[in-house]
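Contents: one structure, followed by commentary.
A short reminder: the numbers here are calculations on the coordinates, not readings from a lab. All values derive from a computational prediction rather than experimental measurement. Note that each Cβ is placed from the backbone with ideal geometry, even for glycine, and that neighbours are counted across all protein chains shown.
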Amino acid sequence: ESAKLTLDPAFEVGPVERRLFGSFVEHMGRCVYTGVFEPGHPTADDDGLRRDVIELTREMGVTAVRYPGGNFVSNYEWEDGVGPAADRPTRLDLAWRQIETNAFGLGEFMAWLREVRAEPVMAVNLGTRGVGEARDLLEYANYPGGTRWSDLRIKHGVRDPYGIKVWCLGNEMDGPWQIGGKTAAEYGRLAFETAKAMRRVDPSIELVACGSSNMRIPTFGSWEATVLEHCYDQVDYISAHSYYDAVAGDRAGYLASAVEMERQIEGVIATADHVAAKLGSRKRLKVSFDEWNVWSQSLFGGESGLDWAHAPRIIEEEYDVAGAAVVGSLLITLLNHADRVGIACQAQLANVIAPIRTEPGGPAWRQTIFHPFALTAAHARGRVLRVQATAPTMPTERYGEVPALVAAATLEDDRLSVFAVNRGDQPLPLEIDLRGLPRATAISHVTVAEDDTAARNTERDPRRVEPRVLDGAVIDGGQLKAVLPPVSFNLVQGK
Ligand code: AHR
């Protein structure tokens with residue numbers, strides 16, 4: 001049985017939002033230290049930034065990077081990470097029970113971002129800190145000069161303001177694990193007051209309120225409603241986070257993880273719009289899905305047993321081909337909601353549940369999940385078309401029967417790009433009715449697929465899994481036809 005979809009340029013979701021291809025650098029494990037930053041590494045520049053990781057991040061097409069956490073931010077004092085390196089204090093990071101040297105801070109991050117050519121998504125500490133420190137950090141970062149904090153930035157050698165646009169008002173403040181966690185009402189008030197002060201410093205900023213830290217937490221939905229009743233008018237985004245787990249015994253459910261992401265996006269939007277209706281507001285918030293990825297917590301364990309090490313090896317998950325298909329399906333889901341999801345950050349960038357792996361003093365390489373991200377970031381351009389698909393279904397424990405196909409399409413000028421995941425175990429013939437689209441003559445099909453869906457990239461075999469060109473896709477009488485390999489991510493393009 002084939003999967004079929006109809007594409008018509010008259011029906012679109014909206015423009016491709018470039019901020020959907022965001023990533024996340026947290027002071028956690030080896031994401032910063034020996035990940036993006038390693039003075040003395042053979043590829044390190046004068047600032048200690050690993051050029052090999054910069055090159056891979058560019059190749060991945062990362063457009064925005066959230067920083068410095070994550071749970072880390074809720075106990076972080078940003079002043080510790082600016083100014084002369086020799087004067088910076090070593091502190092206890094309570095989130096991950098790590099030793100934080102503060103050798104890397106805001107200045108190093110912004111220097112790194114400049115090299116990567118991406119925009120910052122900066123989080124403030126609303127766990128152990130509050131309105132005053134958020135105001136000070138924004139003044140340090142964005143105010144031109146002549147005041148205490150802006151002059152300190154200049155003294156630190158940065159004359160021009162950073163002009164950071166997007167700011168997260170804390171992180172996962174609903175989580176019982178969060179240092180300085182809050183009730184929804186406490187956080188809603190704090191978010192309102194912090195936003196008010198920050199907007200006085202710089203009215204041009206965009207603000208993200210914390211939504212729930214996942215969909216399974218009992219307060220999902222009611223948290224967003226209460227928080228937004230307090231701060232709706234002050235914020236532009238409400239965040240969503242989710243990690244998808246390869247739970248043993250339900251492989252089909254794991255491959256169908258995008259079902260859950262879609263439900264979460266729809267639930268958060270419905271809740272935000274409900275608050276808008278109650279407030280009589282015509283303003284519409286967007287979702288910032290600023291932590292998402294495959295993280296097999298059930299297989300690899302959580303954060304227990306951490307004991308005051310600097311840059312420990314934690315949750316360095318190795319991804320296989322199935323993981324790449326899941327990541328591809330999550331990217332497709334984000335694209336299909338580009339009208340209401342304005343920011344998305346894959347968590348994290350290097351080593352910690354990450355598309356890029358490194359060894360201290362050694363190489364950096366691309367995990368399998370690097371490839372669907374890089375292909376989508378490079379080719380999702382122009383407008384997202386509405387995808388009307390029918391497909392054979394497959395049974396899952398978690399979600400019942402789900403379609404084997406997940407697909408999104410973008411159109412820029414006459415270049416059509418179809419992103420498609422076959423999450424089933426059989427080859428899936430795909431037929432696309434190109435109604436109303438400019439006649440495509442050339443066609444290409446690239447896939448991330450292997451006979452062994454457990455194949456991975458490792459330090460010894462870093463190119464085991466790479467995108468491959470497939471022959472056989474055709475255009476025939478206004479129909480585009482291709483066969484999607486079992487458990488695969490695909491990019492089919494016509495021009
Ligand atoms: O990305 C790892 C952690 O997951 C983040 O610090 C936290 O926000 C989330 O729970």
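Just the projected area, averaged over all directions, of the convex hull on the alpha carbon atoms of region 428-469: how many nm²? Show your work: numbers first, answer last.
Values: hull surface 18.2 nm².
The directionally averaged projection comes out at 4.6 nm².
Placing a label point 7 Å from the Cα of D476 along the Cα-to-Cβ direction, the residues of region 430-447 whose backbone N falls under 18 Å of that point are 430-435, 440-445. Sorting the segments 345-352, 124-131 by their residues' average number of neighbouring beta-carbon atoms within 10 angstrom, most packed first, yields 345-352, 124-131.
Remark: region 76-166 is approximated by an ellipsoid whose semi-axes, taken from the C-alpha gyration tensor as √(5λ), come to 20, 15, 14 Å, largest first. Any idea what log10 I(q)/I(0) is at q = 0.07, 0.09, 0.14 Å⁻¹ for region 17-381, Debye with uniform C-alpha scatterers and no solvent? Log10 I(q)/I(0), no solvent term: -0.27, -0.46, -1.20. As a length-normalised measure over Cα pairs under 8 Å and 6 or more apart, the relative contact order of region 17-381 settles at 22 percent. Remark: spin-label model distance E318-E55 equals 2.4 nm, labels positioned 7 Å along the Cα→Cβ axis. Compared with the alpha-carbon gap, the fully stretched path from I217 to E397 is longer by 62.8 nm at 0.36 nm per residue.
Computed from the C-beta positions of R383 and A309 and an R0 of 41 Å, the FRET efficiency is 0.30 to the nearest 0.05. Using a Cα distance threshold of under 17 Å, what count of lysine pairs results for the chain when pairs must be 8 or more residues apart or interchain? Summing the qualifying lysine pairs gives 4. Helices in the chain that qualify as membrane-span-like (whole DSSP H runs, Cα extent of at least 20 Å along the helix axis, mean Kyte-Doolittle hydropathy of -1.0 or higher) are 184-201, 257-279, 321-336.
By how many nm would the segment from R468 to K278 lengthen if fully extended, with 0.36 nm per residue of separation less the alpha-carbon distance?
Working: separation 190, 0.36 × 190 = 68.40 nm, distance 5.11 nm.
So the chain would gain 63.3 nm between R468 and K278.
Modelled spin-label separation between T43 and A442, with each label point placed 7 Å from Cα along the Cα-to-Cβ direction: 3.0 nm.
So, counting K/R as plus one and D/E as minus one, what does the shell of residues with Cβ under 11 Å around H337 add up to? Mind dumping the intermediate values first?
Values: positive: K286, R340; negative: E17, E262, E266, D339.
Taking every Cβ under 11 Å from that of H337, the sum is -2.
Using the C-alpha atoms of region 145-252, what convex hull volume per residue, in cubic angstrom, is computed?
Expressed per residue, the convex hull around the Cα atoms of region 145-252 is 165 Å³.
With the biggest extent put first, the Cα atoms of region 391-481 measure 45, 36, 22 Å across the principal axes.
DSSP beta bridges in the chain, what fraction antiparallel, as a percent rounded to 5?
Details: 54 of 90 bridges.
Approximately 60 percent, going by the DSSP bridge assignments.
Rounded, prolate or oblate: which fits region 36-127 when a ≥ b ≥ c are the square roots of the eigenvalues of the alpha-carbon gyration tensor, with rounded for a/c under 1.5 and prolate only if a/b beats b/c? It comes out oblate by the Cα gyration axes.
Beyond 25 Å, what share of the Cα-Cα pairs of region 341-495 remains, rounded to the nearest whole percent? Walk me through the intermediate numbers first.
Details: 4399 of 11935 pairs.
Above the 25 Å cut-off, region 341-495 has 37 percent of its Cα pairs.
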